[in-house]
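Engineer: What follows is a single structure, and I will ask about it in a moment.
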Amino acid sequence: MVEISKGGPLGILAGGGGLPNLVAQAAARAGREPLIFALAGDAEERKTSGFPVFRIRWGEIGRLERLLKEHHCKEVVLVGAVKRPEIKDIRPDFGALRLMPRIISAIRSGDDSALKSAAGIFEEYGVELLDPLAVAPELACPPGLLVEGRTALDADELAKAAEAARMIGDLDIGQAAVACGRRVVALEGAEGTNGLLSRVREMRLTKRIPRHGGILVKCMKPSQDPRLDIPTIGPETVEMAREAGLDGIACEAGRTMLVGRDETFAAFRAARLFLYGIRRRP
């Protein structure tokens, strides 16, 4: 894990959801000065209150570089849900023009390639991209059975869904899979985890799978850079899993972020779903 500074400014390139503010709060507790760069169309300013917020539109790379320099910010963390933009929606400023071929290539490539390209741009500007869990280790999912559900965890279902999640991760397709009735019934694609759960719910309604049961497993892709698009589980995920009729969720311990540990655990208890942290393979 990268050694991070003990103090000074920390840039938070913020997508959607509540995670950016939680990471900012963790950074502030550690003596850092959080600066939130909110991606227009993704970040929610009401969830990033209390810290300096700069709205950044897609393509404003020159402006972002200038702001980082003005605030002497040498470290950045990327957190929150980010939707891949359409090329037509990018309005490049002068600083982005020379990078447009790389930006277009990244948008057309897989998730890992796109994110690594973004990391490379930061490094060219002398800015270190950090692992979010290095900044907020308290948000890491612990190992073991963390919350009991109305139905016990099925080890065979867990194994099948975990194997499927790792297989699609190898192909840079997604991070999650659902198993039900001890068979894999759905894989995450470009729609993300919420879209996957919506699809499972629809399959229940159309009686393509049993009405209840099953598990969602979410894992980091085997070759994934942990600084980029780390798997997350939060109350919204729990609610969608409940609506999809699942028994519970399992995710990689130490490599998954919880969108508020107490809030997430409470959501699992309220939904009567189990939460299990998968220990990493040696």
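The values are calculated or read from the model by the stated rules, or taken from the named source; none is laboratory data. The structure presented is a predicted model; accordingly, all values stated were derived computationally and were not measured. Here Cβ is always computed from backbone atoms with ideal geometry, including for glycine, and neighbour counts include all displayed protein chains.
Engineer: Determine whether LEU273 is more than 20 Å from ALA14 (Cα to Cα) and at pLDDT 95 or above.
Structural biologist: yes
Engineer: I've got another one for you. Can you tell me how many residues in the range 247-282 are among the charged types (D, E, K, R), part of a loop (DSSP other than H, G, I, E, B) and in contact (Cβ under 8 Å) with a residue 12 or more places away in the chain?
Structural biologist: Qualifying residue count, the range 247-282: 5.
Engineer: Still on this structure: Counting only residues that are of a type in the set (Asp, Glu) and closer than 20 Å to ARG242 by Cβ, which one in the range 159-200 is modelled with the lowest pLDDT?
Structural biologist: Step one: list which residues in the range 159-200 are of a type in the set (Asp, Glu), which gives 163, 170, 172, 188, 191.
Applying the additional criterion that residues be closer than 20 Å to ARG242 by Cβ yields 188, 191.
Values: GLU188: 96, GLU191: 89.
Going through the qualifying residues, I end up with GLU191.
Engineer: In the set LEU153, LEU216, LEU146, LEU196, which member is assigned to a helix (DSSP H, G or I) and within 22 Å of ALA253 (Cα to Cα)?
Structural biologist: LEU196
Engineer: Next question, about the same structure. Residues that are more than 17 Å from LEU275 (Cα to Cα) and crowded, with 20+ Cβ neighbours inside 10 Å: does the range 149-164 have at least one? Step through it out loud before you land on a result.
Structural biologist: Kept after step one, since they are more than 17 Å from LEU275 (Cα to Cα), are these residues of the range 149-164: 163-164.
Then drop every residue that is not crowded, with 20+ Cβ neighbours inside 10 Å, which leaves 164.
Yes: one or more hits.
Engineer: Out of all the residues in the range 232-245, which are surrounded by fewer than 21 Cβ atoms within 10 Å (Cβ to Cβ) and either under 12 Å from the mean Cα position of the chain (by Cα) or on the phi > 0 side of the Ramachandran plot (or both)?
Structural biologist: Within the range 232-245, GLY234, GLY245 qualify.
Engineer: While we're here: Is it the case that ALA152 is at negative phi and not assigned by TED's automatic domain parsing to the domain that holds LYS221?
Structural biologist: no
Engineer: Next question, about the same structure. So which residues in the range 179-224 are surrounded by fewer than 15 Cβ atoms within 10 Å (Cβ to Cβ) and under 19 Å from ARG272 (Cβ atoms), if there are any at all?
Structural biologist: PRO210, ARG211, HIS212
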